[in-house]
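This report refers to the structure that appears directly beneath it.
The values are calculated or read from the model by the stated rules, or taken from the named source; none is laboratory data. All values reported here derive from a predicted model rather than from experimental measurement. Glycine gets a Cβ as well: all are built from the backbone with ideal geometry, and neighbour counts include every protein chain shown.
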Amino acid sequence: MTIRVLVAKVGLDGHDRGIKVVARLLRDAGMEVVYTGLFQTPETVAIAAIQEDVDVVGLSMLSGAHLTLAPLVVQALRERGSDIPVVVGGIVPSNDLADMRLAGIAAIFGPGASADEMVTSITDVVSRARA
Amino acid sequence: MSPTNAYEQWLELYEAASKRDVPFTTMSGVALSPVYGPEDAEFPGLFPYTRGVHASMYRARLWTMRMFAGFGTAVDTNKRFKDIIGAGATGLSTAFDMPTLLGLDSDHPMALGEVGRCGVAIDSLSDMRDLFADIDLASITTSMTINSPAAVMLALFVAQAEESGVARRQLGGTLQNDILKEYQAQKEFVFPPRHSMRLVRDTIAFTAAEMPKWNSISVSGYHIREAGSTAVEELAFTLANGFAYVELARQAGLGVDDVAPRLSFFFNAHIDFFEEIAKYRAARRLWAHWMKDYYGATNELSWKLRFHTQTAGVSLTAQQPEINIARTAIEALAGVLGGTQSLHTNSMDEALALPSEKAARIALRTQQIIAHETNVTHVADPLGGSWFVEELTDEMARQAQDIFAEISALGDGSMLEGCIKGIEENWFQGRIADSAYALERSFNHSDRIVVGVNDFTEGNNDADLETLRITNEDERRQVQRLHHVRGDRNDELVARALEALRRDARDPEVNLMPALIDAARAYVTVGEMMGAMESVFGRHVEVPTL
């Protein structure tokens, strides 16, 4: 079954090179990708994810707000009764990895993560969520 | 006897310039000429300036070592500024945090988690005062890297300087204020493009009339490149934006020679060494020709493209971050061999965090090694005359001209209209995304090696660098500072200033700078000033496209 992904920019971070490149790489791998556009809130992302009936949400975060905003996206989904997994790509210092996992982030991709790595990991996250 | 050939014209200029007091020889004592080439060659300091804007280049004066910094509160950043000046930097450039870049106060709900993270938080005159406390603004020039709220930040800066006794006429510095590339690449936009351009027009007209030492716009290719463009696209989009600002100023009744000398440029120094050098040479030649031949500029200063360079953040790797020192050194050298007027070198840890103090110092030391140890400063445009570099320069200029033709066609002959239409129709954004994707695919297919990423990965599991940590405590302190300002000010003055600002915003013929400066003095916050203008201008929403 084709994997549907919502890729999203939450907060004020306007860096959109990474998210656009990753979206195209995921499409190349056969996934269906929806992009929210810039300056979303955790709530708008959760609503879009549920409406679009996606299998996974991918957040791109390069401004340092990941520890504040990524958990809020997970929370906004769970409050709406959704168990859609959330993955994060961008700049997440290694000190923050444990806290991000505790907050329910299913996978984290740092700078230099290859397309293959991301596709494999997202496929894995989705199949675990579907199981 | 008056000079007859290019060489003699150059020599006259060279001899008139002062020189630094160092021996202009190789390390072994071989005497060096200030420039090399046949008598009828292009020469630095002479039109079209391919070889540099000054006849004596770095023999007269080294580039400005302008380090970009900002984090936490204004007090934190003021301390970092003083450290940087203490380490020998000769210029400052202020990095603002995301809420400030988008004109939001630190207590806005959307600012949550972003305050002081990517730069310094500036909410009001009080913060601006702390930012530059005990820094002599008459002797060190400052640059403010801000765009959507550029006019607001200029108002705060003027208000702050004037209350400390420095008249606006004396202020030297640069406002980035390049809103076109925000829509094209950096994406920190607020108002719709045409309203934003009105604010740019107002800053151009205001600084032309009242701030003779101020550069009103730093036309920036840096962010276009970082967003994924090719070098040629960076070159062409940036110069086209520059042409657009010249046309905008003309619409406001200013002549090309009133505005062009106040435009400075800002380019990326990426890792492809010769391509970058050719890009800078082509940029100078193209700008000179367009200003003189197309826009009819007669002032030499209008023809001379002066630029700041920053090494490529996007070339840095999180893997084995120490090797970024080598990348940055190579990129910085390209900027210097390409004749930059000013340079920022990135810190090795910038793929991980904002720079630590130590990493920022090493980055500055990298410039100092190039400036003082390598002797590359003795000869202007040392690669001029290389068959390879000359041909690459010509080719980049040719490809840029093709792109200018496309942009001009988008605007039915107007570069200003072409740049705005190109934004509104997603033309720039689409081209940049296509180029970024093509490059990324080449990395993924290992057509291109990135050391530490897709090859030579031994060492990737070494212990982490110590990086700078910004905590939510900084955010809390900044919000407190803001609440103090709101509590201490005269609410009636605030209301009156905001009403005047809304009134002026509604009349497109009025220059908004006086109302903004009045508001700054009344401690109206950045978010309140931007909100007042947004109530008139509306907000820009980019249609999401992949």
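Listed by position, the helices (runs of 4 or more DSSP H) enclosed by region B:209-328 that each have at least 1 residues that are among the polar types (S, T, N, Q) are B:231-251, B:300-303.
For B:Ile407, the conditions (1) over 21 Å from A:Ser114 (Cβ atoms); (2) in contact with a helix residue (DSSP H, G or I) (Cβ under 8 Å, 6 or more places away or on another chain); (3) within 14 Å of chain A (Cβ to nearest Cβ); (4) not acidic (Asp, Glu) all hold with the exception of (3). Being surrounded by fewer than 24 Cβ atoms within 10 Å (Cβ to Cβ) and either more than 27 Å from B:Arg169 (Cβ to Cβ) or of a type outside the set (A, V, I, L, M, F, W, C) (or both) is the requirement here; does B:Gly70 meet it? So B:Gly70 fails the test.
Residues in region A:41-55 that are touching a residue at least 40 places away in the same chain (Cβ under 8 Å), more than 11 Å from every other protein chain (Cβ to nearest Cβ) and among the aliphatic types (A, V, I, L, M): A:Ala49, A:Val54. Every condition in (1) at pLDDT below 95; (2) away from chain A (no Cβ under 14 Å) holds for B:Ala151 except the one numbered (1).
Scanning region B:435-460 for residues that are modelled with pLDDT under 90, farther than 24 Å from B:Ile224 by Cα and either more than 10 Å from every other protein chain (Cβ to nearest Cβ) or touching a Leu at 6+ places or on another chain (Cβ under 8 Å) (or both) returns no hits. Can you say whether B:Lys19 is surrounded by fewer than 22 Cβ atoms within 10 Å (Cβ to Cβ), free of Cβ contacts under 8 Å to residues at least 40 places away in the same chain and of a type in the set (Lys, Arg), as far as the supplied structure shows? No, not satisfied.
Conditions (1) within 19 Å of A:Ala107 (Cα to Cα); (2) facing chain B (nearest Cβ under 10 Å); (3) free of Cβ contacts under 8 Å to residues at least 60 places away in the same chain, marked per residue:
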position: A:Gly11; (1), (2), (3): no, yes, yes
position: A:Gly14; (1), (2), (3): no, yes, yes
position: A:Phe39; (1), (2), (3): no, yes, yes
position: A:Val57; (1), (2), (3): yes, no, yes
position: A:Ser60; (1), (2), (3): yes, no, yes
position: A:Leu69; (1), (2), (3): yes, yes, yes
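Summed over region B:19-76, residues that are under 23 Å from the mean Cα position of the chain (by Cα), among the polar types (S, T, N, Q) and in a loop (DSSP other than H, G, I, E, B) total 2. Every condition in (1) crowded, with 18+ Cβ neighbours inside 10 Å; (2) closer than 24 Å to B:Leu354 by Cα; (3) out of contact with any Gly (no Cβ under 6 Å at 6 or more places or on another chain) holds for A:Ser60 except the one numbered (3).
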